[in-house]
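Notes to accompany the following structure.
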Amino acid sequence: MIRQAVYRLSQQRHLRNFATHNGRARTMALRFVAGETLDEAIAAVRNLNRQGMTATLDHLGENVSSRKEASEATQVGCEIMDTVAATDVQCNASFKLTQLGLDINQELAADNLRQIVEAGSRHDNFVRIDMESSEYVDRTLDVFFKLFVEQTNVGVVLQSMLYRSGSDLERLLEIKARVRIVKGAYLEPPSAAFQRKADVDAAFVRLMRMMLSRGEYPAIATHDESIIGETKRYAAQQGIGPERFEFQMLYGVRRDLQTRLVAEGYRVRTYVPFGNHWYPYLMRRMAERPANVMFVLGSVAREARGRGE
Ligand code: FDA
């Protein structure tokens, strides 16, 4: 219930405008977001690299409604790929197709993504297409399959909550595409997705096994310790070394677990979001863990008391 309520708040435009201009909300966002500028994000990546982790940069933004915004996001995407190369950090980047214009026109988003992937290719770097809500899955995979014929330094994401992901994974394994598996951060109807956490988790484990056995450098993206344990067990059982896959986690979430996995010899990549458009991203993180809402409300209350409000 709380999850649904918080998720719905993430889609309220007036709340987004309020939160984005509110100092306290911005402070809260900094728990999950590395900063507003690319320089700040690169500094965060450097810090992660020092701790033995790689990263993927995410310039926050989604659902743009004008070609101008889509083109600006594309330019930032190319700048990210150039800056990563120039600063020599261990890092790739992730993009949402609705940030590159998918709501306007699929061809536009595909052309914009192609420019970023080509910039990545010039620097021998990799680009991941994030997966958005179920209404975008067909179009996202369509763009991915077409681009993958031209450039192989691009990968995609599947969500274990969606019933369709098993058959999507089969198609992706066939062409040796690089896949990140996640549980799924969007509110989905029973017609498209498992509603019970136990079913989402069981599907994740099934897909993870398929990816480890047959996939191309799979990315297991979760903070769920029991699934991480299952991944380690399965890999060891099948003789799959830790250099053949990576765990991925979000910036600011379970840092203890990230460090522990590195110490155990596993590869860990941290997803590092930056930029001004952090409101929907922050609200999805709240929806995933209601305790975060209490954490945030608590810090707002403490701050207010401190100011005598
Ligand atoms: P679950 O939600 O069951 O959490 C397991 C445990 O992790 C919790 O008990 C808690 O300890 C910790 N935890 C999880 N979320 C937390 C939070 N917000 N704050 C504090 N602790 C938290 N989704 C999507 O739809 N499309 C995408 O492209 C991506 N991309 C992506 C990249 C990477 C690198 C990650 C890690 C995740 C995504 N996601 C995503 C988000 C994903 O779908 C999912 O919503 C979150 O990862 C939370 O699910 P968990 O697998 O961690 O499990």
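The values are calculated or read from the model by the stated rules, or taken from the named source; none is laboratory data. Everything quoted here is computed from the prediction, not taken from an experiment. Every residue, glycine as well, gets a Cβ built from its backbone with ideal geometry; the counts of neighbours run over all protein chains shown. The area values use the complete protein model at the heavy-atom level, side chains included, leaving out ligands, DNA and RNA. Shrake-Rupley method; radii C 1.70, N 1.55, O 1.52, S 1.80 Å.
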Exercise. Using alpha-carbon positions, what is the distance between the centroids of region 178-204 and region 27-96, in Å?
Worked result: 26 Å
Seminar exercise, completed: Taking R0 as 22 Å and r as the Cβ-Cβ distance between Asn49 and Tyr217, the FRET efficiency 1/(1 + (r/R0)^6), rounded to the nearest 0.05, comes to 0.70
For this session: Identify the residues of region 252-283 with backbone N under 14 Å of a label point that sits 7 angstrom from the Cα of Thr87 along the Cα-to-Cβ direction, or state none.
Result: 272-275
Exercise. Among the DSSP beta bridges whose two residues both lie in the chain, what percent are antiparallel, rounded to the nearest 5?
Worked result: 5 percent
Exercise. For region 78-169, rounded, prolate or oblate, judged on the Cα gyration tensor with a ≥ b ≥ c (square roots of eigenvalues), a/c < 1.5 rounded, else prolate if a/b > b/c?
Worked result: prolate
Exercise. Tyr271's amide H: which non-local residues (gap 5+, or another chain) put their own amide H closer than 5 Å, with H modeled 1.01 Å from N in plane and none for Pro or chain starts?
Worked result: Thr56, Met249, Leu250, Tyr251
Exercise. Roughly how many percent of the accessible protein surface of the chain is carbon and sulfur, given a 1.4 Å probe and a whole-percent answer?
Worked result: 50 percent
Problem set entry | Where Thr152, Thr231 fall by accessible area, highest first, once all protein chains stay in place (1.4 Å) | Thr152, Thr231
For this session: Can you work out the accessible area per residue across the chain, with the rest of the protein chains kept in place, probe 1.4 Å, in square angstrom?
Result: 46 Å²
Seminar exercise, completed: Once Lys and Arg are counted +1 and Asp and Glu -1 for all other residues with Cβ under 15 Å from that of Glu132, the total becomes -2
For this session: For Asp199 and Lys146, calculate 0.36 nm times their separation in residues minus their Cα-Cα distance, and state this gained length in nm to one decimal.
Result: 15.9 nm
For this session: Could you compute the FRET efficiency for Asn105 and Glu243, with r as their C-beta to C-beta distance and R0 at 41 Å, rounded to 0.05?
Result: 0.50
For this session: Starting from the amide H of Val154, placed 1.01 Å from N in the peptide plane, find each other amide H under 5 Å away whose residue is 5 or more places distant or on another chain.
Result: Val127
Seminar exercise, completed: With x for Gly and Pro, the residue-by-residue ³J(HN,Hα) of region 164-171, computed from phi through the Karplus equation 6.51 cos²θ - 1.76 cosθ + 1.60 at θ = phi - 60° and given in whole Hz, is 6, 5, x, 6, 4, 5, 4, 5
